[in-house]
Amino acid sequence: MKIRGLIPLCVCLAAGLMPAQTDWPTYGHDPGGTHYSPLLQITAANVSKLRRSWTYHTGEPGPPFESTPIVVGGRMYFSTQKGRIVALQPETGKEIWSYDPKPARAR
């Protein structure tokens, strides 16, 4: 689902799944883009019970936008539709910091 100004995130990024060994440091999880995760908490038997645990609102106007986050060192990073970089706590969706490389532009 594409939602204007939102980055919807799945419950699979919830608490307890983010220690260093579960980092997702590149698109596709690893340099080969295998999309493989060694996590065992989500299975074919329980995937239908997953629910969104939080949603981050970018606050930026514009057309629908999707971003693929990476997770490194227990922090989630992604870019917004206006080119900002945001770091979040993956367990809660709480913003840690954001960086706008062009702060003088109109939003």
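The values are calculated or read from the model by the stated rules, or taken from the named source; none is laboratory data. Fair warning: this is a prediction, and the values are worked out from it, not measured in the lab. In this analysis, Cβ positions are derived from the backbone assuming ideal geometry, glycine residues included, and neighbour counts consider all displayed protein chains.
Laid out as a table, the results:
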read-out: Total residues in region 37-56, condition in contact with a Gly (Cβ under 9 Å, 6 or more places away or on another chain) and not hydrophobic (A, V, I, L, M, F, W, C); value: 4
read-out: Of all residues in region 51-107 being of a type in the set (A, V, I, L, M) and not in a strand (DSSP E or B), the one that is modelled with the highest pLDDT; value: Ala104
read-out: Single unsatisfied condition, Trp24 versus (1) modelled with pLDDT of 90 or more; (2) touching a strand residue (DSSP E or B) at 6+ places or on another chain (Cβ under 7 Å); value: (1)
read-out: Region 79-101 residues that are within 17 Å of Gly62 (Cα to Cα), paired with ones that are hydrophobic (A, V, I, L, M, F, W, C) and surrounded by fewer than 18 Cβ atoms within 10 Å (Cβ to Cβ) (beta carbon under 8 Å, 6 or more apart); value: Ser79/Ile85; Thr80/Phe65; Gln81/Phe65
read-out: Inter-residue pairs, beta-carbon under 8 Å, first loosely packed, with under 10 Cβ neighbours inside 10 Å and in region 40-67, second among the aliphatic types (A, V, I, L, M), 6+ apart; value: Arg51/Val11
